[in-house]
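Each remark here refers to the structure printed beneath this line.
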Amino acid sequence: FFFLNLNNCTAYNPSMYPSYDVLNPGEDVRLNPIGWTDDGNVIVNEAFMQWVMELQDEIRKLRGF
């Protein structure tokens, strides 16, 4: 048999377990757009493109694809 002693359990504190939050990107992503081309296209860095791919993956997971 397995007995759980509730006195040994502690409340979950998210600040003790930091994790990456795709919705809160780092400074290297926030500094985008870096610039614009003459025809109006936006110039971004590699970190921004990687962040976009991570957002797409997260959306696919949430939709169950």
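Computed from the coordinates by the stated procedures, all read-outs in this text should not be read as laboratory data. The model shown is predicted, which means the values in this text are computed figures rather than measured ones. Cβ sites come from the backbone with ideal geometry, for glycine too, and all protein chains shown count toward neighbours.
Suppose we keep only residues that are within 16 Å of the chain's Cα centre (by Cα) and β-branched (Val, Ile, Thr) within segment 16-36. Which one would you say is surrounded by the fewest Cβ atoms within 10 Å (Cβ to Cβ)? The extreme case among them is Val22.
Selection of first residues in segment 22-43 that are among the charged types (D, E, K, R) and of second residues that are in a loop (DSSP other than H, G, I, E, B) and surrounded by 11 or more Cβ atoms within 10 Å (Cβ to Cβ), restricted to Cβ pairs under 9 Å at least 6 apart or on distinct chains, gives the following pairs, ordered by first then second residue: Asp28/Asn45.
Filtered by the rule that a residue be loosely packed, with under 11 Cβ neighbours inside 10 Å and of a type in the set (D, E, K, R), segment 37-56 gives Asp38, Asp39, Glu46. The residues of segment 46-65 that are aromatic (Phe, Trp, Tyr) and over 13 Å from the mean Cα position of the chain (by Cα) amount to a single one, Phe65.
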